[in-house]
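The values are calculated or read from the model by the stated rules, or taken from the named source; none is laboratory data. Computed from a prediction, not measured in an experiment: that's the story for all the values here. With ideal geometry, Cβ positions are generated from the backbone for all residues, glycine too; neighbour counts draw on all protein chains shown.
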Amino acid sequence: MRGVQITELSGPRTALAEAELPEPEPSHMLTPGRGVVVDVHAAGVSFPELLQTRGEYQSKPPLPFVPGSEVGGVVRSAPEGAGVSAGDRVAAFCGLGGFAEVAVAPEFLCFPLSDELDFAQGAGLILNYHTAYFALVLRGRFAPGETVLVHGAAGGVGTAALQVAKGLGGRTIAVVSSDEKERVARDAGADEVVRSDGAWKDEAKEWSGGGVDVVIDPVGGDRFTDSLRSLGEGGRCVVVGFTGGSIPEVRVNRLLLNNTEVVGAGWGAYVMGKPDANREIGAAVNRLVDTGAVRPIVGARFPLERAADALELLDARGATGKVVLDVRGG
Ligand SMILES: NC(=O)c1ccc[n+]([C@@H]2O[C@H](COP(=O)([O-])OP(=O)(O)OC[C@H]3O[C@@H](n4cnc5c(N)ncnc54)[C@H](OP(=O)(O)O)[C@@H]3O)[C@@H](O)[C@H]2O)c1
């Protein structure tokens, strides 16, 4: 099969090489001896892959390896008792191996893909939407009618968080850095859009009538203190990532004075050993697909052999929605 490997840890431009590879066995590292084999149509491109080209991601497989954490495709084979079977269209989280024509995922991370979504949207469903649902509902204790402020709102996690919050009956404020990103955030269901280089904290407080209930923050950096200041009483700031580059520090007196919370949301660490939690989150996300609230926004698409261009786009802060590699076309 055709695949793209990381062969050296020199960054997105030079770390990757195309290769002819043997097809994987039906076994996944999380479920040794068992695994759902998927004919990959589209592979999602995400921050972990970018970090992996520099050896900066927490998991560091020996070189060379095929990156690619999630795919949209068709099941070739599945173990007895799996919730999917041969011929099913699926969204699958394989962790590694997605940048190739065939990939393997554990059965509890394979979800039926609605006919409403194409394979590219399937490749953008799990990491972003499961994270968004997990961060908002399980960690952020979001309740219908609450106001949610989303940073990096035109990005993968950001657009997902907007759609999930809207779908669950929330009011949404998007923080973005450009006109184009504003358009993407509005398409994803932002009720209000504010600029990251403007007076977004004051605008958010005013629009929400005193402070937001939940902040979803995949960006971090120096805007974090203003995120805390934008919360209303009982508000929760959910830490999702650090695309801004630096890890913020909190002066906890702020939490005491305003009765607010900072909550961590690490989707992978939480769900990997919990098949039932995955099925629950998968079912909740699929219900939001059925109601029309969730429609993964696919931004740039590249053929498999241009994986380096896809990763460089993320690196340059140029991505909107989900960046996808077309592995076998549509
Ligand atoms: N906790 C979890 O379980 C979990 C799960 C999935 C992903 N993540 C993390 O969440 C983060 C976001 O992932 P994503 O897929 O949404 O990324 P993305 O699509 O590239 O979006 C990230 C957004 O961050 C903003 N940003 C601000 N400063 C930036 C900078 N210096 N470089 C790049 N972007 C910058 C950009 O928005 P503006 O230009 O509008 O500011 C950009 O749209 C990543 O750190 C990822 O590792 C965490």
Tell me, yes or no, whether the range 63-71 has at least one residue that is among the charged types (D, E, K, R), closer than 25 Å to ALA120 by Cβ and touching a helix residue (DSSP H, G or I) at 6+ places or on another chain (Cβ under 6 Å). yes
Among the listed residues PHE47, PHE65, which satisfies the condition of being within 14 Å of ALA310 (Cβ to Cβ) and of a type in the set (Phe, Trp, Tyr)? PHE47
Suppose the filter is over 16 Å from the mean Cα position of the chain (by Cα) and either closer than 16 Å to PHE93 by Cβ or at pLDDT below 95 (or both); does ASP276 pass it? yes
Among the residues of the range 1-34, which ones are of a type in the set (Val, Ile, Thr), more than 16 Å from PRO61 (Cα to Cα) and crowded, with 17+ Cβ neighbours inside 10 Å? THR31
I'd like the residue in the range 262-276 that is farther than 30 Å from GLU233 by Cβ and among the aliphatic types (A, V, I, L, M) and, out of all such residues, is nearest to the ligand (Cβ to nearest atom). VAL271
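With respect to VAL219, determine if the residue is in contact with a Gly (Cβ under 8 Å, 6 or more places away or on another chain), near the ligand (Cβ under 10 Å from one of its atoms) and not in a helix (DSSP H, G or I). Break it down stepwise before answering.
Details: in contact with a Gly (Cβ under 8 Å, 6 or more places away or on another chain): yes; near the ligand (Cβ under 10 Å from one of its atoms): yes; not in a helix (DSSP H, G or I): yes.
For VAL219, the condition - in contact with a Gly (Cβ under 8 Å, 6 or more places away or on another chain), near the ligand (Cβ under 10 Å from one of its atoms) and not in a helix (DSSP H, G or I) - is met.
Hey, does the range 47-63 have a residue that's in contact (Cβ under 8 Å) with a residue 60 or more places away in the chain, under 29 Å from GLY299 (Cβ atoms) and either out of contact with any Ser or Thr (no Cβ under 9 Å at 6 or more places or on another chain) or small (Gly, Ala, Ser) (or both)?
yes
If the requirement is being of a type outside the set (A, V, I, L, M) and in contact with a helix residue (DSSP H, G or I) (Cβ under 9 Å, 6 or more places away or on another chain), which of these qualifies: ASP197, ASP213, ASP290, ASP226? Walk me through it before giving the result.
Working: ASP197 fails: in contact with a helix residue (DSSP H, G or I) (Cβ under 9 Å, 6 or more places away or on another chain); ASP213 fails: in contact with a helix residue (DSSP H, G or I) (Cβ under 9 Å, 6 or more places away or on another chain); ASP290 fails: in contact with a helix residue (DSSP H, G or I) (Cβ under 9 Å, 6 or more places away or on another chain).
None of the others qualify; the one that does is ASP226.
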Cross-chain or 6+ apart pairs with Cβ under 6 Å, the range 140-161 first and in contact (Cβ under 8 Å) with a residue 40 or more places away in the chain, then part of a strand (DSSP E or B) and surrounded by fewer than 24 Cβ atoms within 10 Å (Cβ to Cβ): GLY140/ARG236; GLU146/ASP213; THR147/ARG171; THR147/ASP213
Return the only residue of ALA135, ALA143, ALA160 being out of contact with any strand residue (DSSP E or B) (no Cβ under 7 Å at 6 or more places or on another chain) and in a helix (DSSP H, G or I). ALA160
Cβ-Cβ under 6 Å, sequence separation 6+ or interchain: first residue in the range 190-214 and polar (S, T, N, Q), partner modelled with pLDDT of 95 or more and outside any helix (DSSP H, G or I). Which pairs? SER196/VAL175; SER196/SER177; SER208/THR147
Which condition number in (1) at pLDDT 95 or above; (2) within 11 Å of the ligand (Cβ to nearest atom); (3) outside any strand (DSSP E or B); (4) more than 19 Å from the chain's Cα centre (by Cα) is the one that VAL194 fails? (3)
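Might you let me know whether the range 3-11 holds any residue that is in a helix (DSSP H, G or I), modelled with pLDDT of 95 or more, closer than 23 Å to ALA269 by Cβ and in contact with a Phe, Trp or Tyr (Cβ under 9 Å, 6 or more places away or on another chain)?
Restricting attention to the range 3-11, the residues satisfying the condition of being in a helix (DSSP H, G or I) are none.
Checked the range 3-11: no residue is in a helix (DSSP H, G or I), modelled with pLDDT of 95 or more, closer than 23 Å to ALA269 by Cβ and in contact with a Phe, Trp or Tyr (Cβ under 9 Å, 6 or more places away or on another chain).
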Exception for VAL175 within (1) closer than 21 Å to ARG139 by Cα; (2) more than 9 Å from the ligand (Cβ to nearest atom); (3) not in a loop (DSSP other than H, G, I, E, B) falls at (2)
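Within the range 281-330, restricting attention to residues that are basic (Lys, Arg) and in a loop (DSSP other than H, G, I, E, B), which residue is nearest to the ligand (Cβ to nearest atom)? Spell out the reasoning first.
Within the range 281-330, the subset basic (Lys, Arg) is 287, 295, 301, 306, 317, 322, 328.
Then drop every residue that is not in a loop (DSSP other than H, G, I, E, B), which leaves 295, 317, 328.
Working: ARG295: 16, ARG317: 4, ARG328: 23 Å.
Looking at the filtered set, the residue picked out is ARG317.
Within the group ARG76, ARG89, which residue is of a type in the set (Lys, Arg), in contact with a strand residue (DSSP E or B) (Cβ under 8 Å, 6 or more places away or on another chain), surrounded by fewer than 21 Cβ atoms within 10 Å (Cβ to Cβ) and under 21 Å from ASN286 (Cα atoms)? Lay out the reasoning, then the answer.
On the way: ARG76 fails: under 21 Å from ASN286 (Cα atoms).
Selected residue: ARG89, the only one of ARG76, ARG89 that is of a type in the set (Lys, Arg), in contact with a strand residue (DSSP E or B) (Cβ under 8 Å, 6 or more places away or on another chain), surrounded by fewer than 21 Cβ atoms within 10 Å (Cβ to Cβ) and under 21 Å from ASN286 (Cα atoms).
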Flagged in the range 146-157 as crowded, with 24+ Cβ neighbours inside 10 Å and part of a loop (DSSP other than H, G, I, E, B), in numbering order, are HIS151, GLY152, ALA153, ALA154, GLY155
Quick check: is even one residue across the range 99-107 touching a residue at least 12 places away in the same chain (Cβ under 8 Å) and in a helix (DSSP H, G or I)? yes
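Of all residues in the range 112-133, how many are within 12 Å of the ligand (Cβ to nearest atom), surrounded by 24 or more Cβ atoms within 10 Å (Cβ to Cβ) and not β-branched (Val, Ile, Thr)? Please lay out each step first, then the result.
Let us first name the residues in the range 112-133 that are within 12 Å of the ligand (Cβ to nearest atom), namely 124, 126-133.
Filter once more, keeping what is surrounded by 24 or more Cβ atoms within 10 Å (Cβ to Cβ): 124, 126, 128-133.
Okay, now just the ones that are also not β-branched (Val, Ile, Thr), so 124, 128-130, 132-133.
Residues meeting the conditions: 6.
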